[in-house]
Amino acid sequence: MEITLLASGSEKLRLDDHDGNIPWSHLNSFQEFLTERISGKNVIIGKKAFEIDFLKKLIHQAYAYPIIVAREEKFSLNSVQVVGFTEALDFLKINRVHTEVMVLGGTQTFKDALPYSNKVEYFQIDHNPRGLSEFPSSLKTDFKRVSLSPSSEVVEKDIFRIEIQKWLRKPGTKIM
């Protein structure tokens, strides 16, 4: 099973400053980045991330198959719900035919998934507001950046510099 983390972040924008919403979700390039990668695939996503309207709508429109990691048992939806990341993997091994799994986060789901992942695709955006985003330090230890696609997008006279980075697990590093 190939597990890919789909992450996004900014050196200057923080999710905390935007009530948990993704401040760059309005960018066409970000929407295309996610849609191309999750369309018709299994998606493991944390409950808080799934509650972001933009991600919920995108998953539905892309005909993706969500598996929601909710740490409390009372949470319920019309999709598959599991308690932890490894339980999500077990469910996929037993019930799904797709061999590629996309992980959309949140923070704890990314931390749990990183040791199992083969690839990370990172949408980095830079703009003027303040703040810093964090990315796991083990990424640079266990993964090697194999491509970088720089571009930019203009929205209402604001220029956003965008990089899509692809990281692959280094040979010899352990996958759980």
- Does at least one position in segment 62-84 carry a residue that is part of a helix (DSSP H, G or I) and at pLDDT 80 or above? no
- Query: On the given criteria, is residue 93 of a type in the set (Lys, Arg), at pLDDT 75 or above and either in a strand (DSSP E or B) or loosely packed, with under 12 Cβ neighbours inside 10 Å (or both)?
  - Reply: yes
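The values are calculated or read from the model by the stated rules, or taken from the named source; none is laboratory data. For clarity, every value in this text was computed on a predicted model and none was experimentally measured. Here Cβ is always computed from backbone atoms with ideal geometry, including for glycine, and neighbour counts include all displayed protein chains.
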